[in-house]
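Below you'll find the structure, written out as structure tokens, and then a few comments.
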Amino acid sequence: MFIINCKNYEEISGDKVVKLAKIIERISKKYKIKIALAPPHHLLTKITDLSIPVLAQHVDNVSVGSTTGFIIPELLKMSKVAGSLINHSEHRIPSNDIKQLVSRLQKLKMMSVVCVKNIAEAQKYAKLNPNYIAIEPPELIGSGKAVSKEKPELITKAVAVVKNANNSTRLLCGAGIVSGEDVEKAIQLGAKGILVASGIIKSKNWEKIIVEFSKAMI
């Protein structure tokens, strides 16, 4: 799994996100790699008709109905959104909300990607059986220093605790990934994919860098 988080970078504002999504769709088909895109919420439905998984960057644990200003799994599902990131380092939420949101997404057959900052969180939330645990040390996010190089032991330990959960959860590696070499190293250490943001979005050549990352995963 290769997830690209757009965050709120202006590089993907408006119709630019459609251009990026079409590049991803083409590369995904060519290399037979699942590449998901997580745009800002107001851009989600611009790309849900393409053949790539579209993820929300965040989802709220509030009910369907008279709740204002929140985004909820059930309505995302109706808009053909495939799933959501949960508890990203830049949008942390309470433990009980994480537990309930993973359950809600599971019942809807939607993808859940729980972001964690350390081994203790990886161990705790892997037990919920989300589709993916994405480990991202906060200090390396957006730094250009890949966790696979700076803290390789973090990935190997996270792989072990996720495996020990004895379920279908898989580990993704995030934070500071900027090259195919970073990706290849993460896969060698046992990660089943990557979660990346600025390393793609801030690149001057989206196609070139996405191809580079994709080849590193094969």
Checking the conditions here, which among SER214, SER168 is part of a loop (DSSP other than H, G, I, E, B), farther than 20 Å from SER89 by Cα and not β-branched (Val, Ile, Thr)? SER168
In the range 33-48, the residues that are over 19 Å from LYS208 (Cβ atoms) and either among the aromatic types (Phe, Trp, Tyr) or part of a loop (DSSP other than H, G, I, E, B) (or both): LYS34, PRO39, PRO40, ILE47, THR48
Give ALA165, ALA122, ALA134 a once-over and let me know the one that is of a type outside the set (Phe, Trp, Tyr), within 25 Å of ARG104 (Cα to Cα) and more than 17 Å from the chain's Cα centre (by Cα). ALA165
Go through (1) in contact with a Leu (Cβ under 8 Å, 6 or more places away or on another chain); (2) touching a residue at least 40 places away in the same chain (Cβ under 8 Å); (3) closer than 26 Å to LYS99 by Cα and name the single condition ILE12 misses. (3)
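For every residue, the table says whether it meets (1) part of a loop (DSSP other than H, G, I, E, B); (2) surrounded by fewer than 17 Cβ atoms within 10 Å (Cβ to Cβ).
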| site | (1), (2) |
| --- | --- |
| GLY176 | yes, no |
| ALA186 | no, no |
| ILE200 | no, no |
| LYS204 | yes, yes |
| ILE209 | no, no |
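Could you list, in sequence order, all residues of the range 158-169 that are of a type outside the set (A, V, I, L, M, F, W, C) and surrounded by fewer than 20 Cβ atoms within 10 Å (Cβ to Cβ)? Before you say what the answer is, go through the steps one by one.
The first filter runs over the range 158-169 and keeps only residues of a type outside the set (A, V, I, L, M, F, W, C), leaving 163-164, 166-169.
Residues satisfying the conditions are LYS163, ASN164, ASN166, ASN167, SER168.
What residue, of LEU76, LEU108, is surrounded by fewer than 17 Cβ atoms within 10 Å (Cβ to Cβ), farther than 28 Å from ILE218 by Cα and not acidic (Asp, Glu)? Step through it out loud before you land on a result.
Values: LEU76 fails: surrounded by fewer than 17 Cβ atoms within 10 Å (Cβ to Cβ).
Going through LEU76, LEU108 in turn, just one is surrounded by fewer than 17 Cβ atoms within 10 Å (Cβ to Cβ), farther than 28 Å from ILE218 by Cα and not acidic (Asp, Glu): LEU108.
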LEU37 being aliphatic (A, V, I, L, M) and under 30 Å from PRO94 (Cα atoms): yes
Which of (1) of a type in the set (D, E, K, R); (2) in contact (Cβ under 8 Å) with a residue 40 or more places away in the chain; (3) at positive phi does LYS109 not meet, given it meets every other one? (2)
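Laboratory data are not the source of any read-out in this text; all were calculated from the coordinates shown. All of these numbers come straight from a predicted model, not from anything done at the bench. Because the Cβ atoms are built from the backbone with ideal geometry, glycine has one as well, and the counts that use them run over all protein chains shown.
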